[in-house]
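First up is the structure itself, then whatever we jot down about it.
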Amino acid sequence: MTNEEIKQAVEEYFKEMLAKDADYLDHVTDSWIDDAEDWFVTYWYEKHGDITFEEGCEFRQHARKRFDELYDERHGGRDAKLHLYYIIGEVFNLKGEFEKYKSHFKTFPTYDNVISTDFENLLEHLKLLNDIENGKIESLKKGK
């Protein structure tokens, strides 16, 4: 069995699952990959006979990758937006921590050399978050 044949079987698996349930990607459990492998064994055996352990492992690897691609196509934007809110919340939490300890930072003998570089990097990241939130990143705009 070739790598391309296994990839084709993966495509056939998802095509069949999505035909049965358009929201299949939303309904899978942790054992979905075992169900997929069972499907593959049956599918392949009916067409070509026995499969090897390595072929089963290769199917699993391609199926996991394809699942992630399909999931990202469907929910990647939503998940990124939700995670962005989480990141912004963490930044606010870190700001509170900074405010709590900032008076002690100047007691470091290397304050200017170490901390200022870290603050510059933090400011760059905060600007990026702001640009993302305000739609200023061309590559993140729809259709790009």
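Condition (residue is at pLDDT below 85 and not β-branched (Val, Ile, Thr)) applied to the stretch 50-72: is it met by at least one residue?
Checking the stretch 50-72: at least one residue is at pLDDT below 85 and not β-branched (Val, Ile, Thr).
Restricted to the stretch 97-144, and to residues that are surrounded by 10 or more Cβ atoms within 10 Å (Cβ to Cβ), in a helix (DSSP H, G or I) and over 33 Å from the mean Cα position of the chain (by Cα), which residue is modelled with the highest pLDDT?
It comes out as LYS102.
Determine whether the stretch 46-55 contains at least one residue that is free of Cβ contacts under 8 Å to residues at least 60 places away in the same chain, surrounded by 14 or more Cβ atoms within 10 Å (Cβ to Cβ) and more than 30 Å from LEU123 (Cβ to Cβ).
yes
Every residue in the stretch 18-54 that is among the hydroxyl-bearing types (Ser, Thr, Tyr), under 19 Å from MET1 (Cβ atoms) and in a helix (DSSP H, G or I), please.
Result: THR42, TYR43, TYR45.
The values are calculated or read from the model by the stated rules, or taken from the named source; none is laboratory data. Computed from a predicted model, the values in this text were never measured in an experiment. Positions of Cβ are generated from backbone atoms using ideal geometry, with glycine treated the same way; all protein chains shown enter the neighbour counts.
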